[in-house]
1. Since Leu213 meets every condition but one in (1) assigned to a helix (DSSP H, G or I); (2) within 20 Å of Tyr71 (Cβ to Cβ); (3) of a type in the set (A, V, I, L, M, F, W, C), which condition does it not meet?
2. Can you tell me which condition Glu269 does not meet? The list is (1) touching an Asp or Glu at 6+ places or on another chain (Cβ under 8 Å); (2) surrounded by fewer than 17 Cβ atoms within 10 Å (Cβ to Cβ); (3) within 21 Å of His36 (Cα to Cα), and all the others hold.
3. Given the structure, is Leu169 outside any loop (DSSP other than H, G, I, E, B), surrounded by 20 or more Cβ atoms within 10 Å (Cβ to Cβ) and at pLDDT below 95?
4. Picking from Asp8, Asp26, which residue would you name as being modelled with pLDDT of 95 or more and surrounded by 16 or more Cβ atoms within 10 Å (Cβ to Cβ)?
5. I'd like the full set of residues that are touching a helix residue (DSSP H, G or I) at 6+ places or on another chain (Cβ under 6 Å) and part of a loop (DSSP other than H, G, I, E, B), limited to segment 27-56.
6. In segment 216-228, which residue that is over 13 Å from the mean Cα position of the chain (by Cα) and buried (at least 17 other Cβ atoms within 10 Å of the Cβ) is farthest from Asn15 (Cα to Cα)?
Amino acid sequence: MKKLFAFDLDGTLLNSESKFHLETIDALNKAKEKGHYLAIATGRGVASTSIFLDQFANFDFLICNNGTVVYDVKNKKTLIKSYLPKEYLYTLIEEAKRTHSFFTLSTEKKVYPYKKEGDDFSWLNEQELMDYSAQGFKSEQEIYDAIEKNGEKITQLALRNSEDKVKALAEKYRNIFKDNATCLVTNRVYFDVNPAKTDKFYGILTALEELNLTTENLVTFGDSGNDVMMIENAKFGFAMGNATPEAKAVSVEAIGHFNSDAIAKKILELI
């Protein structure tokens, strides 16, 4: 039976150096050789996910922005069902300035990071660096121009801060946005806002439909709150050893740490 293997990135498929484990790459190649399908399922935007195709090019789908965007790699086709209203951009960039948070706007093809001038994000530690870079920040005006002048549409807004502040932000905006947006805490330090009724799992369902497969063919790996649904609803859903308690609770098994070859071993068992 052909399977779709779907992997979260940060804290799961990527090690602490933002690279794929060499044994994992070997296992991914063997899965492809046997006719299985591979997908990344991440909170990152397409632009900050597609860079990992340089490490391994044979993913079939990039499921980005927590399921909002599904990119068919082979056919170079993007599937997006809904977007966020631009009013949310203005609200959350002001919140970023008030709380000294690292802010990111994601559109269909681009990612716009922003920080208030003078912010040094002293709360960042080695584990939380992930895709953070001191370079590449956009000005507030550049971000507004992307939407107002260039007509780009919003697929995700995100704030990154300390774990305690992110929890508080998520609670605040769940009460404000209610059913008009999906608010998720990811990797403990991200507060992601996506269009209503979106989730990595729903993005994966889109990929399964394209492949004429069902959840009986689905194998998932994740570590955080935004991975819960895809872990819970897969035939085999695995949590990493470093995963949050909620991710582990719905998994069939908690495997090794993201710096280990645990994913490679599990792929080889299942193919």
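The values are calculated or read from the model by the stated rules, or taken from the named source; none is laboratory data. Remember, predicted model here, so these are calculated numbers, not experimental data. Reconstructed Cβ throughout: ideal geometry from the backbone, glycine too, with neighbour counts over all protein chains shown.
1. (1)
2. Evaluating Glu269 over (1) touching an Asp or Glu at 6+ places or on another chain (Cβ under 8 Å); (2) surrounded by fewer than 17 Cβ atoms within 10 Å (Cβ to Cβ); (3) within 21 Å of His36 (Cα to Cα) leaves (1) as the failure.
3. no
4. Values: Asp26 fails: surrounded by 16 or more Cβ atoms within 10 Å (Cβ to Cβ).
None of the others qualify; the one that does is Asp8.
5. Thr42, Gly43, Gly45, Phe56
6. Of the residues in segment 216-228, the ones over 13 Å from the mean Cα position of the chain (by Cα) are 216-220.
Next, only the ones that are buried (at least 17 other Cβ atoms within 10 Å of the Cβ) stay: 217-220.
Numbers: Asn217: 26, Leu218: 23, Val219: 20, Thr220: 17 Å.
Taking the candidates together, the pick is Asn217.
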